[in-house]
Structures are given as structure tokens and as C-alpha cells.
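Engineer: Sharing a structure with you now.
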Amino acid sequence: MNLKGKVAIVTGGNSGIGLAIVLELAKQGANIVIDYVAHPEATEALERQVSALGDRAIGVQADVSKIADLQRMIAAAVKAFGRVDIMVNNAGVETRTSVLDTSEAQYEKVLAINLKSAFFGTQLAAQQMIKQGGGGRIINITSVHEDWPMPGNAAYCLSKGGMRMLTRTAGVELAPHGILVVGVGPGAVATPINQSTMSDPALLHKLNAAIPLGRMARPEEIASLVAFLAGDGASYMTATTIFADGGIMQGSPGL
Ligand SMILES: NC(=O)c1ccc[n+]([C@@H]2O[C@H](COP(=O)([O-])OP(=O)(O)OC[C@H]3O[C@@H](n4cnc5c(N)ncnc54)[C@H](O)[C@@H]3O)[C@@H](O)[C@H]2O)c1
């Protein structure tokens, strides 16, 4: 088990990619703080699944767009497990609005939940890692849209582009402390965020046809990459993003 004795925090951890990351890190031996905003019952079920794997998990209800909540989440991790070794900034939302029609409220919501949370999540986790010593890993779940425009999803692309530079800047700044910062950029993944596409057969067919591998990713296929990046095998990777996108950024065979 690659992560035995490590302590990980996963934001937005009770659904989709976050849930798969929680389970994969637990399979590798980590104890986990599962951050969530809604569905405490899903968090409790996940805590039980982690226990069944032989590790410990606690759910912490914290809105990652609020710095006070992030501070409370880090404090809860230290209180329960004594330290923080792995911080996964995963929580995210989108509004599917364009440059022309995004409202101020939509802009502020997406930027706060996706980017502000990752910035201060990185800052607070790094402060704790420096205090305890021994380095650490910060993994930012960005998107192919950190680099690839998605017309009609403007604020989301902006937020992920910001996470790209957060990853690079924090990776360079924190390297002397042995804290590695890496982005994971998924393509299309079968999770609740894509429910509207997945429940429309014509849209789903169009999407699958645009992906060289011919299908969306399973959340577990992103989680396995996160577990690798959290482990010893990724000890020389920082300030960059690894894409897991089925090849979509390199060409769309169906378009
Ligand atoms: N599914 C995809 O195709 C895809 C592709 C690229 C990147 N991503 C990214 O992966 C991450 C996870 O998304 P997902 O696909 O699992 O969808 P999801 O909707 O299942 O997960 C998002 C999670 O964030 C949580 N969240 C929302 N607002 C929050 C807040 N204020 N505080 C704390 N948590 C909050 C939600 O409750 C949810 O658990 C997101 O950052 C998303 O942008 C997803």
C-alpha cells in the first residue's frame, strides 16, 4: 500500500471524481477527510466504505469558497489524524454560460468554488505541511479546459485556467519545502456534473464520437492517476498538469 499512514483531504469528496479519489486513496492505505457541502448521508456511507478498507475517514461539512470553512477543515484533519500529507482540491461547479450572458453572481460563484478554494486550500494545506515538516502533495483537479476553450462555459474555463497558473506558481514556490503541486486535467468523465449530457442520447453520441478513445472516462480512471501522483512514484513531478482525456485535446475523430 503506497500511502499507508498518510492523511489526505479531498474537497467535494462525496460524489463523482472526489468519491472515487477517496476510495482509491483509502485502498492505498490513507486516512481521509471527506469535505462536502450537501448529502451528509452519502458522506456517512462513504466513511463506512473507507472503514471496510481498513482506514479511517471523517466527513467535514465545509463550503470551500469560504476561507473560514477551509481553516475549519484543515483543523479537523489535524485534530483527527495529527497531520495533512495530501490535499486534493477537487470541488467544482459550472454554469454553462457564455462570455456574453454570464451574470456577476454566476461569475463569482464559479470563480469562488473552483479557483479561490484551490488557492486558499493550497495556501492553508501548505502552511500546515511546512509546520509539520516532511513535505506533502497538493493535487488540483483542473480540466482540459485549463487550456482548451469551451464556448458557452466561460467562467468555468477561466477558473480552470487560473488553477493551471496556481499549480505552476505554487509548485515553484513550494518546491523548497518538498511540497509538490500537480494538476490533473480530466476530459469528459461520467459524473453528476455531466448528467444533462449523459441523459440525452444524441448529445452523448456526439460527445463519444469526438473522443479518440470513443467514450467518457470512469471516475476511477481519474482517481488512479491522483493516487499515483500522491505516491512515491511521482516524487519528481511538480508545477505541471497531467491530462487524462482519452486523447480529445489532440483531435476529434467524430467532428
Ligand atoms: N466530470 C467531468 O467531465 C470533469 C472534467 C474535468 C474536470 N472535472 C472537475 O472534477 C471535479 C469534480 O467534478 P465531478 O465531475 O466529480 O462532479 P460532481 O458534481 O460530482 O462533483 C463536484 C463536487 O463539488 C462539490 N461542491 C460544490 N460546491 C462546493 C462547495 N462550495 N464546497 C465544497 N464542495 C462543493 C459538490 O457537492 C460535488 O460533490 C470538478 O472540479 C470538475 O470541474 C470534471
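Engineer: So how many residues does region 146-170 have that are within 17 Å of the chain's Cα centre (by Cα) and without any contact (Cβ under 8 Å) to a residue 12 or more places away in the chain?
Structural biologist: Summing the residues that are within 17 Å of the chain's Cα centre (by Cα) and without any contact (Cβ under 8 Å) to a residue 12 or more places away in the chain in region 146-170 gives 1.
Engineer: Sticking with this one: Scanning for something crowded, with 20+ Cβ neighbours inside 10 Å and more than 13 Å from the ligand (Cβ to nearest atom), does region 232-239 turn up at least one residue?
Structural biologist: Looking through region 232-239, at least one residue is crowded, with 20+ Cβ neighbours inside 10 Å and more than 13 Å from the ligand (Cβ to nearest atom).
Engineer: Name the single residue that is nearest to the ligand (Cβ to nearest atom) among those in region 56-110 being part of a helix (DSSP H, G or I), closer than 25 Å to Leu229 by Cα and in contact with a helix residue (DSSP H, G or I) (Cβ under 7 Å, 6 or more places away or on another chain).
Structural biologist: My answer is Leu70.
Engineer: Restricting to region 52-67, and then to whatever is within 14 Å of Val33 (Cβ to Cβ) and not β-branched (Val, Ile, Thr), can you tell me which residue is surrounded by the most Cβ atoms within 10 Å (Cβ to Cβ)?
Structural biologist: The qualifying residue surrounded by the most Cβ atoms within 10 Å (Cβ to Cβ) is Ala57.
Engineer: Let me ask another. Can you find a residue that is crowded, with 23+ Cβ neighbours inside 10 Å, within 9 Å of the ligand (Cβ to nearest atom) and part of a strand (DSSP E or B) anywhere in region 173-185?
Structural biologist: yes
Engineer: What is the residue count in region 8-22 for residues that are more than 6 Å from the ligand (Cβ to nearest atom) and among the small types (Gly, Ala, Ser)?
Structural biologist: 3
Engineer: Here is a follow-up. Every residue in region 215-230 that is of a type outside the set (A, V, I, L, M) and either at pLDDT below 95 or in a helix (DSSP H, G or I) (or both), please.
Structural biologist: Correct list: Pro219, Glu220, Glu221, Ser224, Phe228.
Engineer: So, one more: Going through region 26-45 one residue at a time, which ones are in contact with a helix residue (DSSP H, G or I) (Cβ under 6 Å, 6 or more places away or on another chain) and aliphatic (A, V, I, L, M)?
Structural biologist: The answer is Ala26, Ile32, Val33, Ile34.
Engineer: Residue by residue through region 23-55, note down the ones that are away from the ligand (no atom under 13 Å from the Cβ), more than 22 Å from Ala75 (Cβ to Cβ) and among the small types (Gly, Ala, Ser).
Structural biologist: Gly29, Ala45, Ser51, Ala52, Gly54
The values are calculated or read from the model by the stated rules, or taken from the named source; none is laboratory data. Only a predicted model underlies this, so the values are computations on that prediction, with no experimental measurement involved. Note that we place each Cβ from the backbone using ideal geometry, even for glycine, and neighbour counts take in every protein chain shown.
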